[in-house]
């Protein structure tokens, strides 16, 4: 359930409610908004009377949450969450944040060239894989820690943040020194051991929707992170598997307004994996911004024909430049900026 405190409730009143809820067996998650403090009470206790809490001094209202995700629910934070990725970069605010870069880091020259073009076009975060989960065991698996070193160096040189995928919990300590944002890929969305460990790390997590996952399942995965103490979560729609075979996946644009209604967490869109085709990336990116996406995750490569992975869905830098110009025209129509 959610307990909304009255505007101006004292810290003593808030703590009294927290203590009462803990005595009832609930775990408490506190959210302090501009006007109200909201207490999320999560626990197995079902048989209780909400009036026992409503009558406590300082309480405005008590709401039962029927959705299985309690902390990720819009009820927990009605005004929406703004997630700080790093200095001057926040997802969920007015500015649409663009994260771009190659599918995988291949060399210092490659990542440096792409980082320069991403930054020049207005991107804020450099994306790139050092560890690559590939369907075939014979495909390029990434450069590992060396790739992270190269990406960190290129990002720092051009004033960018770094987001990269973590494959399992054993990689977290090593990656923590290189990345600003941990990415959980589609294949790991329901890797609960990984999510529980990432919940302990005070860094944002970019959580991708699984290829066959419902929106509720995506929000429940976010709930694992939040229940463990990490509230800095950015959701990512990257397409789901359907019977359509023309595109790599079916990009679910409708997930954007649905998530905004159900959850306070921001959502970004990956049109590169969502379509798997270079010529479809820009149209879907434009559609995502028009539908209210809080950010974009786009693959860019200066020589995609010779990319080690996902070259067919990577934009040329000039195409990325053009897309950014188009997005700057679309974003104001929906009250956003790029």
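Points to keep in mind about this one:
- Alpha-carbon centroids, the range 44-109 and the range 197-262: separation in whole Å: 13 Å
- Remark: the range 2-63 projects, on average over all directions, an area of 3.7 nm² (convex hull of Cα atoms).
- Computed E for residue 328/residue 170 - FRET, C-beta separation, R0 35 angstrom, nearest 0.05: 0.25
- For 114, 53, order by how many other beta-carbon atoms lie within 10 Å, fewest first: 53, 114
- Distance from the alpha carbon centroid of the range 136-180 to that of the range 264-313 works out to 20 angstrom.
- Residue 61-residue 212 pseudo-label distance in nm [points 7 Å out on the Cα-to-Cβ vector]: 4.0 nm
- Two-decimal log10 I(q)/I(0) for the chain, as the Debye equation yields it once each C-alpha is a single scatterer, q = 0.09, 0.10, 0.13, 0.14 Å⁻¹: -0.49, -0.59, -0.94, -1.06
- Ordering of 8-21, 72-85 by burial proxy (mean other Cβ atoms within 10 Å per residue, highest first): 72-85, 8-21
- Potential lengthening between residue 261 and residue 200 on full extension [0.36 nm per residue; Cα-Cα distance subtracted]: 19.2 nm
- The orientation-averaged projected area of the convex hull spanned by the Cα atoms of the range 72-231 comes to 9.7 nm².
- Beta bridges by DSSP in the chain, antiparallel share as percent, to the nearest 5: 40 percent
- From most to least packed by mean Cβ count within 10 Å, the peptides 22-29, 267-274 give 267-274, 22-29.
- When both bridge partners sit in the range 171-307, DSSP labels roughly 10% of those beta bridges antiparallel.
- When the helices of the chain are scored as -39500 (n - 2.57) per DSSP H run of n ≥ 4 and the total is divided over every residue, the value at 222 nm lands at -9500 deg cm²/dmol.
- Against the main long axis of the alpha-carbon atoms of the chain, helix 317-330 sits at an angle near 40°.
- Rounded to 10°, Cα long-axis angle of helix 11-23 versus longest principal axis of the chain: 90 degrees
Taken together, the values in this text are just the output of simple stated rules run on the coordinates, not laboratory data. Please read all numbers here as calculations on a predicted model, not as lab measurements. Cβ atoms come from the backbone with ideal geometry, glycine included; neighbour counts cover every protein chain shown.
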